[in-house]
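> The structure under discussion is supplied below as structure tokens; questions concerning it will follow.
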Amino acid sequence: MHITLRQLEIFKAVAQSGRVTAAAESLFISQPAASMALSELEKHLGPLFDRHAGASMTLNDSGRSLLPMAAELIDRAHEIETQFIEGSCYKEGTLKLHASSTIGNNLMPRILGDFFKEFPHIRAELAVENTRSIQQRILAMEIDLGVVEGSCLHPDIEVIPWREDELVIICHPDHPMAGKTVDLQSLKHEEWILREPGSGTRELFDEVLATRLCTPNVIMSLNRAEAVKQAVMEGLGIGCISNLAIWRARDAGLLSTINVSDLTLNRHFYLLLNRKKYRSGVIKKVSEFILQWDDELLIR
């Protein structure tokens, strides 16, 4: 039996994209070359995909078993390339990191900036998505690390608690309840501007607030905290997002908050790692840095 690393790379790309053509494009090779490599691999190991109409493909049981092993071999090969550069010692490499909106926009730029000062030859590819999408990418082994604000119960994902966060209810400074403390039922007839379903922020709102308000009047669902903040600043409604995302605008007088008696909207941020995916020295180093990062002066 002769299995090549290139065949495994193509297999992994097809598993993640669901099509040979898309996998070939991502690896900058021709579609016939990708098809031939995948065919040779399946001659050795048997069928790895279920084929569907329209050239789409999904992993079968054998393919799902192979994916974490293939991903580990590929990651280890990349690690060998960097580790054995003279003097590297895990100080070079690239990591794919996705963060949910609040974290990606308000924390990760500063954290990665501090990290790059200490490890200038390690690079992180950062993208911002909602919690649900990040969990799916972790499971598909498309990314190395996720940092999210929503809960995750999948048995194949290791969830590491990181830090606490607080959601606040925001409004235009001219809103009648701006800066006041009210009971929750006072908000029953307000028009809400919220994050989209699938985000950690919306998940907490639905769990804690929506059930007590019966059916809140949600007039907009937006996929970025910044968009929620801007809509509220325009006076279009009230919102519920992280204090991390609004404190500067609040201090500048661009929006205000509404305090609600007997209401706590605290949550945790988490690091997510696939339990079956190999963790290189770079992944471990970045994870440890995030968990130990000190931000006492971030919010005044």
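The values are calculated or read from the model by the stated rules, or taken from the named source; none is laboratory data. None of these values were measured; they are calculated from a predicted model. A quick note on method: Cβ atoms are made from the backbone with ideal geometry, for glycine too, and the neighbour counts reach across all protein chains shown. Each accessible area value is taken on the protein alone, full model and side chains, heavy atoms only, with ligands, DNA and RNA left out. Shrake-Rupley method; radii C 1.70, N 1.55, O 1.52, S 1.80 Å.
> State all residues of region 48-62 that are within 15 Å of LYS12 (Cα to Cα) and surrounded by 11 or more Cβ atoms within 10 Å (Cβ to Cβ); if no residue qualifies, say none. It would help to see each step written out before you state the result.
Filtering region 48-62 for residues within 15 Å of LYS12 (Cα to Cα) gives 48-50, 56-62.
Matches in region 48-62: LEU48, PHE49, ASP50, SER56, MET57, THR58, LEU59, ASN60, SER62.
> Another question, then. Given the options LEU41, LEU112, name the one that is part of a helix (DSSP H, G or I), open to solvent by less than 30 Å² (accessible area, probe 1.4 Å) and farther than 30 Å from SER242 by Cβ. Break it down into steps so the answer makes sense when it comes.
Values: LEU112 fails: farther than 30 Å from SER242 by Cβ.
Just one listed residue meets the conditions, LEU41.
> Shifting gears a bit: Kindly list the number of the only condition in (1) touching a residue at least 40 places away in the same chain (Cβ under 8 Å); (2) open to solvent by less than 10 Å² (accessible area, probe 1.4 Å); (3) touching a Lys or Arg at 6+ places or on another chain (Cβ under 7 Å) that fails for LEU244.
(3)
> Applying the selection to region 115-154, what residues are aliphatic (A, V, I, L, M) and in a helix (DSSP H, G or I)?
ILE134, ILE138, LEU139
> Mind checking which pairs have a first residue in region 1-27 that is under 16 Å from GLY46 (Cβ atoms) and surrounded by 15 or more Cβ atoms within 10 Å (Cβ to Cβ) and a second that is among the small types (Gly, Ala, Ser) and at pLDDT 90 or above, Cβ under 7 Å, 6 or more apart or different chains?
From residues that are under 16 Å from GLY46 (Cβ atoms) and surrounded by 15 or more Cβ atoms within 10 Å (Cβ to Cβ), the pairs are GLN7/ALA37; LEU8/ALA70; PHE11/ALA70; VAL14/ALA23; ALA15/GLY63.
> Which residues, counting only those in region 81-119, are modelled with pLDDT under 90 and of a type in the set (Phe, Trp, Tyr)?
Correct list: PHE84, TYR90, PHE119.
> Is region 287-297 home to any residue that is within 30 Å of ASP156 (Cα to Cα), β-branched (Val, Ile, Thr) and part of a helix (DSSP H, G or I)?
yes
> Take SER256 and decide whether it is small (Gly, Ala, Ser), surrounded by 15 or more Cβ atoms within 10 Å (Cβ to Cβ) and at pLDDT 95 or above. Write out each step before concluding.
Working: small (Gly, Ala, Ser): yes; surrounded by 15 or more Cβ atoms within 10 Å (Cβ to Cβ): yes; at pLDDT 95 or above: yes.
So SER256 passes the test.
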